[in-house]
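The values are calculated or read from the model by the stated rules, or taken from the named source; none is laboratory data. All values reported here derive from a predicted model rather than from experimental measurement. Virtual Cβ from ideal backbone geometry, glycine too; neighbours counted across all protein chains shown. Just the protein is used for accessible areas: all its heavy atoms, side chains included, with ligands, DNA and RNA removed. Shrake-Rupley method; radii C 1.70, N 1.55, O 1.52, S 1.80 Å.
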Amino acid sequence: MTINSLISKLKSDSFAAMLYNLAVALCVSFLCRLLFLFTNLSYYPDLTFSRLLLIFAGGIRFDISALLYLMSLYVLLMAIPFRFTTNGLYGKIAKTIWTVMIVLIVFANCADCIYFKFTGTRTTAGIFTEFAEDGNIASIIFRSLFQYWYVTIAGFAMMYGAVKAYYTPTQPTDIHSLTTFYLTRFAAFVLFVYLAVCGIRGGFTMTIRPINMNIAQLYVQKPLETAIVLNTPFSVIRTTGHKPAQDPQFYTDSDELEKIYTPVVRPALEENKEFKSMNVVVLIMESFSAEFLGHYTPFLDSLSTQGLTFEYSIANGRKSIDAMPSVLASIPRIHDPYILTVYANNKINSLASCLNKKGYTTAFYHGAPNGSMGFDAFASTAGFQRYYGMDEYGNKADFDGYWAIWDHKFLQFYAKSMSTLEQPFMTSCFTATSHHPFQIPAEYKDIFPESGIHPLHKCIRYSDNALRLFFETASRQEWYDNTLFVITADHTNALTSPEFNNDAGLYRVPIIFYTPGGELRGRKKGVAAQIDIMPTILGYLNYDLPYVAFGQNLLDSTNMDRGTLTDNNNTIQWFQDSIMYCFNSSECKAVYNLTDDATLSTNLIEQSDTTKIAAIRKRMTAIVQQYYNRMSQNDLTVE
């Protein structure tokens, strides 16, 4: 048989054509990974060639699994041992299915080239729940196609190239024995089904557990690198219908666990210390990364000098939906956003529910369309008596066209609305303008023109000014002098410097406690976290009833073991003093000194105190265990 005749025979074989077209799809997946890395290269400043090869090797494993998931119908149509697979109409149907899957692969991965900058992780199936009530997603996606034109062009180029490379088999003309044809094709079909199952599972033996997102840890040195290993279709597929992570069972003795750590806070108040009936205002600023302080936030910089701040202040999640539970209910994100878990309807305590018991009026404010992000539902679960959204604002002419009412408008509404509430009150407001697609009102474009390294920076300047105007208006209100203000951010975004664009910096947000009388002032060493805000506020008010909180009172001078955790792509990061400890499962894999090594270039695990690591591991695992126990048992309150 000549080379030409062999090629002609392969071209007429639907099985060979299927394998070729799957190889094309695999190449497209690899190109998507290269595009993802290229567009997010600033997050990986110390990535070496040898590490990149290992990451790519792991990535192929995930690409094969995702490809076989998505192409399963195409594979079935092409691999079945019948001659009609080369029929013209049949071939067009198979090609259409293949093309649709290619479009999904490219679109999903290209979307994460952009969305990763906001979340620090690959998108999961949770996004369908997260944005289920937002009616402006289509317009945001459409705008992003133009704003990130280079990703759009690359995506369409990959789709076009893949479709052009697709091969449709021709009808074979030299079949001498139908018996031989069917026997060989059936044997090939059975073999390929076995190989496909192995590819989906990620291994050739049934003793191997099906590949999941955690396996990406095997190919990386830092949690952030797992996003290169993974691909978006796989992440969405493997988290669809996702059940809560299983109880790690670090401790089986509940009494032992309670002795090591309990989230139940039973205030031990000094005699003659009365409850302070102060108003409480918690402002959650969209995307205000700590990196922006000193550069794009002149008002917040000034306010921080008049309030109480900390050396390191940490967000306990990477998404907006992580912020409300962390800030207002002292519930961190562990494994999944709390709002998206099956525990989301658990009975919880929060700043609102605790202060309701003291006769407070409680209200939550968010200028987006009511129902957006599920914030109104969580506010209700958390015990807020009132919710003020776009409907209550009452003027859709001030809508930014994408997310919410412009910050400078809604914060004014917020300041004046509080004057209608009966005191004492506890309120919280979540801003929105400093969010993709990074637009500011037309009247501010000359005041805050395109400046800085990233388009978000002009939005930060604008929202910082909106915050200044809020405080100007608030200072004229009767309730102002008797109010404790807390200013923080939901998560970080658009980090550009090596000191912040890493696994530690991704969680650094401002946390400022401010009282007009200046009672809370100064800069303390150590770590403050979003989950510490609730117990700190209640401690400052001399709250005397028990409650559940996974954070700590930052004003408690007797607490010398202050630390917090974040779940970074299934790696638990523990922040204590100026050190970050990284635990994969319960084993410490890395230790970094944030003061001396802000870029996390030197792993100090070999030089670290093993006794201290063991103590931190003990506390960290106890917190995680308590989290799962109390979630599963609906035990997040104290009666």
Qualifying residue in the range 515-522 (condition: in contact with a Ser or Thr (Cβ under 8 Å, 6 or more places away or on another chain) and closer than 16 Å to Val280 by Cα): yes
Residue ID - modelled with the highest pLDDT, chosen from residues in the range 73-83 that are open to solvent by less than 70 Å² (accessible area, probe 1.4 Å) and assigned to a helix (DSSP H, G or I): Tyr74
Single condition Ser428 does not satisfy, out of (1) in contact with a strand residue (DSSP E or B) (Cβ under 7 Å, 6 or more places away or on another chain); (2) more than 30 Å from Glu639 (Cβ to Cβ); (3) touching a residue at least 40 places away in the same chain (Cβ under 8 Å): (2)
Given (1) surrounded by fewer than 20 Cβ atoms within 10 Å (Cβ to Cβ); (2) outside any helix (DSSP H, G or I); (3) hydrophobic (A, V, I, L, M, F, W, C), number of the condition Ala397 does not satisfy: (2)
Some residue of the range 194-209 being at pLDDT 75 or above, aliphatic (A, V, I, L, M) and assigned to a helix (DSSP H, G or I): no
Yes/no for Thr599 being open to solvent by 10 Å² or more (accessible area, probe 1.4 Å) and either free of Cβ contacts under 8 Å to residues at least 60 places away in the same chain or in contact with a Phe, Trp or Tyr (Cβ under 6 Å, 6 or more places away or on another chain) (or both): no
Cβ pairs under 7 Å, 6+ apart, first in the range 250-266 and closer than 12 Å to Ile623 by Cα, second assigned to a loop (DSSP other than H, G, I, E, B) and of a type outside the set (Gly, Ala, Ser): Leu257/Tyr251; Pro263/Phe550; Val264/Pro546; Val264/Val638
Any hit, the range 589-611, residues being in contact with a helix residue (DSSP H, G or I) (Cβ under 7 Å, 6 or more places away or on another chain) and not basic (Lys, Arg): yes
Qualifying residues in the range 578-587 (those that are part of a strand (DSSP E or B) and in contact (Cβ under 8 Å) with a residue 40 or more places away in the chain) - the one most open to solvent (accessible area, probe 1.4 Å): Asn584
Selection within the range 400-420 - part of a loop (DSSP other than H, G, I, E, B) and open to solvent by 10 Å² or more (accessible area, probe 1.4 Å): Asp400, Gly401, Tyr402, Trp403, Trp406, Ser419, Thr420
Candidates Thr483, Thr515, filtered to the one that is of a type in the set (Val, Ile, Thr), more than 27 Å from Ile321 (Cα to Cα) and over 25 Å from the mean Cα position of the chain (by Cα): Thr515
Top-ranked residue of the range 335-359 - restricted to ones that are in a helix (DSSP H, G or I) and not aliphatic (A, V, I, L, M), ranked as modelled with the lowest pLDDT: Tyr338
Residue list for the range 1-20, filter: assigned to a helix (DSSP H, G or I) and at pLDDT below 70: Ile3, Asn4, Ser5, Leu6, Ile7, Ser8, Lys9, Leu10, Lys11
Every pair of residues 6+ apart whose Cβ atoms lie under 8 Å, when the first sits in the range 141-168 and is farther than 23 Å from Thr96 by Cβ and hydroxyl-bearing (Ser, Thr, Tyr) while the second is open to solvent by less than 90 Å² (accessible area, probe 1.4 Å) and not in a helix (DSSP H, G or I): Ser144/His436; Ser144/Pro437
Members of the range 281-309 found to be more than 26 Å from Phe425 (Cα to Cα), open to solvent by less than 10 Å² (accessible area, probe 1.4 Å) and touching a Lys or Arg at 6+ places or on another chain (Cβ under 8 Å), listed by number: Ser289, Thr297
Cβ pairs under 6 Å, 6+ apart, first in the range 21-33 and modelled with pLDDT under 95, second of a type in the set (Ser, Thr, Tyr) and outside any helix (DSSP H, G or I): Asn21/Tyr166
Single condition Tyr261 does not satisfy, out of (1) open to solvent by less than 40 Å² (accessible area, probe 1.4 Å); (2) under 24 Å from Asp577 (Cα atoms); (3) in contact with a strand residue (DSSP E or B) (Cβ under 9 Å, 6 or more places away or on another chain): (3)
Qualifying residues in the range 427-465 (those that are acidic (Asp, Glu) and assigned to a helix (DSSP H, G or I)) - the one most open to solvent (accessible area, probe 1.4 Å): Glu443
Residue match in the range 319-328 (condition: surrounded by 22 or more Cβ atoms within 10 Å (Cβ to Cβ), in contact with an Asp or Glu (Cβ under 8 Å, 6 or more places away or on another chain) and over 20 Å from Ser428 (Cβ atoms)): no
Candidate set from the range 271-310 (those that are free of Cβ contacts under 8 Å to residues at least 40 places away in the same chain and in contact with an Asp or Glu (Cβ under 9 Å, 6 or more places away or on another chain)); member that is farthest from Leu411 (Cα to Cα): Gly294
Candidate set from the range 84-123 (those that are closer than 12 Å to Thr168 by Cβ and among the hydrophobic types (A, V, I, L, M, F, W, C)); member that is most open to solvent (accessible area, probe 1.4 Å): Leu89
Residue selected from the range 539-577 under the condition among the β-branched types (Val, Ile, Thr) and outside any loop (DSSP other than H, G, I, E, B), by the criterion nearest to Tyr507 (Cα to Cα): Thr566
Scope the range 17-53; condition of a type outside the set (A, V, I, L, M), over 28 Å from the mean Cα position of the chain (by Cα) and buried (at least 19 other Cβ atoms within 10 Å of the Cβ); matching residues: Asn21
Residue satisfying all of: in the range 353-388; in contact with a helix residue (DSSP H, G or I) (Cβ under 7 Å, 6 or more places away or on another chain) and closer than 19 Å to Asp544 by Cα; most open to solvent (accessible area, probe 1.4 Å) among these: Gly383
